[in-house]
Amino acid sequence: MARSSLMHSARARRWPVGSAARGAAGLVLVALVGCASGPAAEFAAHAAPVIERSCATERCHGVAVGEPLPDVGFFVSVDAHGRLTDLGAARARALARVTTTAPYHLSSLVRVPLASAHGGGPHVGGDLFSGPDDAPALELGRWIDSEPPGTGGEDVVF
């Protein structure tokens with residue numbers, strides 16, 4: 001059985017309604033970024049920009065270069081402009097907060113900053129995503145779906 005069909009049979013993938021246009025925009029972004037594929041490339045192309053725009057400031061989840069990362073919580077090392085300084089380490093930290101065996105929107109990385117009407121919170125930074133079909137949440141989902149089943153932190157709390 002092909003890997004992609006195995007992944008899809010192992011966990012149901014349901015992209016929220018209205019994502020076709022966003023998916024097309026994502027394909028254009030991938031074409032502009034390059035033809036690299038795989039989870040690390042998907043993280044760099046889709047998740048890293050969301051993390052940098054949404055939460056990688058030093059007053060949120062960003063930690064200045066040279067400072068130790070806290071052991072508890074989601075924190076990533078960032079430069080003075082809020083850019084992730086180590087994509088591999090940021091991916092590992094983010095991966096600890098996702099489920100790769102359930103739909104992406106159940107991952108705490110996506111679920112916690114969702115609007116409370118969609119089960120989000122508590123999140124000190126407030127609502128970052130209006131719902132699981134919000135464009136940034138979809139971008140995180142695209143990366144999460146590229147990870148092999150069972151490789152996430154599987155930290156979902158129902």
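The values are calculated or read from the model by the stated rules, or taken from the named source; none is laboratory data. Everything quoted here is computed from the prediction, not taken from an experiment. Methodologically, a virtual Cβ is constructed for each residue, glycine included, from the backbone with ideal geometry; neighbour enumeration extends over all protein chains shown. Side chains included, ligands, DNA and RNA excluded: accessible areas come from the protein's heavy atoms. Shrake-Rupley method; radii C 1.70, N 1.55, O 1.52, S 1.80 Å.
Using 0.36 nm per residue, how much length does the chain from residue 57 to residue 124 gain when fully extended, once their Cα-Cα distance is taken away?
So the extension gain works out to 22.8 nm.
Report the full-extension gain for the segment residue 71 to residue 135: residue separation times 0.36 nm, less the Cα-Cα distance, to one decimal in nm.
20.1 nm
Once the convex hull of the C-alpha atoms of segment 97-158 is built, how many Å³ does it hold per residue, rounded to a whole number?
For segment 97-158, the hull spanned by Cα atoms encloses 70 Å³ per residue.
Would you mind telling me the share, in percent, of accessible area of segment 44-140 contributed by carbon and sulfur at probe 1.4 angstrom?
That share works out to 56 percent.
Just to verify a number: FRET efficiency for residue 92 and residue 116, C-beta to C-beta distance, R0 = 25 Å, to 0.05?
It comes out at approximately 0.30.
5 Å is the cut-off here: which amide hydrogens, built 1.01 Å from N in the peptide plane, fall below it relative to residue 63, excluding neighbours closer than 5 in sequence?
76, 77, 78
How much accessible area per residue does segment 94-158 have, in Å², with a 1.4 Å probe?
With the other protein chains kept in place, segment 94-158 gives 40 Å² per residue.
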